[in-house]
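Asks: Take a look at this one; I'll ask things after.
Please treat every number below as a calculation from the coordinates, not as lab data. The structure displayed is predicted, hence computed values, not measured ones. Don't worry about glycine lacking a Cβ; one is built from the backbone with ideal geometry, like all the others, and counts go over all protein chains shown.
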Amino acid sequence: MPAASASPNTVKPLLISGEWITTADSTFESINPASGSANFLISAASESLVDQAVESAWQAVRQPAWRDMLPHKRASILRAIADGMERHADTLARLQMIENGKVWAECQAQVASAAATFRYYASVCETLNAEVTPSRGNYLSMTQYEPYGVVVAITPWNSPMTMEAQKVAPALAAGNAVILKPSEVTSSPALELGRIALEAGLPPGILNVVTGLGATVGKRLVEHPGVRMVSFTGGTASGRAIALAAAEKLMPVALELGGKSPHIVFADADLPKAVEGVIGGIFEGSGQSCVAGSRLYVQRSIAPQFIDMLVKRASQLKVDLPDAAGAQMGPIASFAHREKIERMVGTALADGGEVLLGGQRPTVDALQSGAFYLPTILGSLTRNAHVVREEIFGPVLCALPFDDEDDLIDQANDSAYGLASGIWTADYQRAWRVARRLEAGSVWINTYKQLSIATPFGGFKQSGIGREKGLSGLRLYQQTKGIYWGM
Ligand code: NAD
């Protein structure tokens, strides 16, 4: 693991048009949630820098060097970015680890996944066809797909690298210039990605990394008249604010938002496997995952036995410093977020719930200065409890019983969200029936959190609009044009 390369007083510059710009008078802190200490300072873009980023991105995207670049050439740059990410894998992984506290092994896996996303979209870019459509006369009619021009990608802090790759790779493959606005909690991996992209030969101005707060920099980018499309991943409240701003401009948006995903265990399931699936589904990444299986529905006949198994297994999870050998859960990504989790668990008790495991900070000395929180399982809750209805985005599982399939579907779909879901059963016909009835963008059967860049991903209901990943993940960043050619 590489050592820290910057001190707490170092100001990291942002990237506009291939130039690194330091805003010494306007910065914010990057904090290591495992220790509470400052990593470094990050430049915060002013309004005029946001305007400059949009203007120079338009200049870059109109240059023949990018506008007329053939898809196979764009693909070779995307592959060079993937190579660069792999060469600098330890740096990228470490930057993510010191900013959001994910354990080292997960950070490394996410760099590999992000690089693979660039390779996937390189292949999509050079193999995707335009279409000749059936003509109704003496003409040739064609469908062409064109970039929007300048698009903005706004990302959250929980898995910054994979989210950023998921937006930047297809948006570049589609021929756009991108302004990436990473979360203020995790700005550094995005800045490193910007450096790697330049090194890989991406023309200056085609990928800009504009750091700052969501309420100022993010908001101005979304409202900017020069921005033609926004791809956002984050909380549902921010997504709604962005959708409202986009409505004013009549601008398309893709929104990947929050979740409160039901994880379902039938009495006939392979229970040891289901225990592992449920544990990984909620506690991996300290529960800070949009697809976290945070509502457990277990069939009433096995509920006491299964919850005992879960509590026993979860109590063995190793909560530790993210770079400690064998660490399975690092800290919460920020101290403010840990407080929010604590408040939410407090509401569970007020709503009549009981803590079956955790519900507190660890008492180990070595973890006292970090934002740690123990794996928590809550029981005795009703469907109306605040913690059952709202996203906690932390290591907190709400366990509820169900009687039969109809009762299960009624409870599982009784949510404003619809991002993901999981089913454990030995009955394949039931698995199919339930999978079809669940209101969720992803359903996992006898597995959980299995993701492929080739499979479209997104939410039902308030979990989002649009689908990232897959072939359609590139089309998300293009607009369709019909061309008629008289013969
Ligand atoms: P957040 O909504 O607070 O912030 C996300 C990003 O949006 C940040 O870069 C932030 O600076 C920016 N932002 C905030 N308000 C903005 C505004 N008004 N205009 C423009 N930009 C704005 O979310 P977070 O706390 O960083 O991330 C956690 C949330 O993200 C959770 O709700 C989680 O479920 C969700 N998430 C969803 C997915 C998915 O694919 N559906 C994936 C990961 C995280």
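Asks: Can you find, among 322, 380, 310, the residue sitting farthest towards the positive end of the charge dipole of the range 262-445, where Lys and Arg contribute +1 and Asp and Glu -1 at Cβ?
Replies: Ranked along the dipole, the leading option is 322.
Asks: Whole angstrom only: what separates the Cα centroid of the range 424-487 from the Cα centroid of the range 336-373?
Replies: Using only Cα atoms to place each centre, the spacing works out to 34 Å.
Asks: Now for a separate question. Please give me the summed charge of the neighbours of residue 294: other residues whose Cβ is under 15 Å from its Cβ, Lys and Arg +1, Asp and Glu -1. All intermediate terms of the calculation are to be shown ahead of the outcome.
Replies: On the way: positive: 260, 295, 340, 383, 389, 449; negative: 284, 390, 391, 414.
Summing Lys and Arg as +1 and Asp and Glu as -1 gives +2.
Asks: Over all directions, the average projected area of the alpha-carbon convex hull for the chain comes to how many nm²? All intermediate terms of the calculation are to be shown ahead of the outcome.
Replies: Values: hull surface 96.8 nm².
It is 24.2 nm².
Asks: Give me the dipole magnitude in Debye, nearest 20, for the range 262-445 about the Cα centre, with unit charges on the beta carbon: positive for Lys and Arg, negative for Asp and Glu.
Replies: Values: 16 positive and 23 negative charges, 48 e Å.
With only Lys, Arg, Asp and Glu charged at Cβ, the dipole is about 240 debye.
Asks: Do the alpha carbons of any pairs in 249/340; 249/469; 273/318; 181/260; 102/461 sit beyond 22 Å of each other, and which pairs?
Replies: 249/340; 249/469; 181/260; 102/461
Asks: Using the Cα centre of the range 262-445 as origin and beta-carbon charges of +1 (Lys, Arg) and -1 (Asp, Glu), tell me which of 337, 395, 426 is placed farthest towards the positive end of the dipole.
Replies: The residue sitting most towards the positive pole is 337.
Asks: Taking the Cβ of residue 404 as the center, what net charge do the other residues with Cβ under 11 Å away carry, scoring Lys and Arg +1 and Asp and Glu -1? Let's see the in-between values first.
Replies: Details: positive: 300, 430; negative: 403, 405, 406, 407, 410.
Local net charge: -3.
Asks: Next question. Using Cα-only point scatterers and the Debye equation, what is log10 of I(q)/I(0) for the range 215-303 at each q in 0.14, 0.20, 0.22 Å⁻¹, rounded to two decimals?
Replies: -0.63, -0.87, -0.98
Asks: Hey, another quick one. Ranking 51, 68 by Cβ neighbours within 10 Å, fewest first, what do you get?
Replies: Working: 51 15, 68 9.
Ordered by Cβ neighbours within 10 Å, fewest first: 68, 51.
Asks: For a test of the definition: using alpha carbon positions, the gyration tensor, and the 1.5 limit on a/c, classify the range 144-187 as rounded, prolate or oblate.
Replies: Prolate is the answer for the range 144-187, as a/c is 1.5 or above and a/b outweighs b/c.
Asks: Order the peptides 362-373, 453-464 from the highest to the lowest mean number of other Cβ atoms within 10 Å of their residues. Could you put the intermediate results ahead of the total?
Replies: On the way: 362-373: 16.6, 453-464: 20.6.
Packing proxy ranking, top to bottom: 453-464, 362-373.
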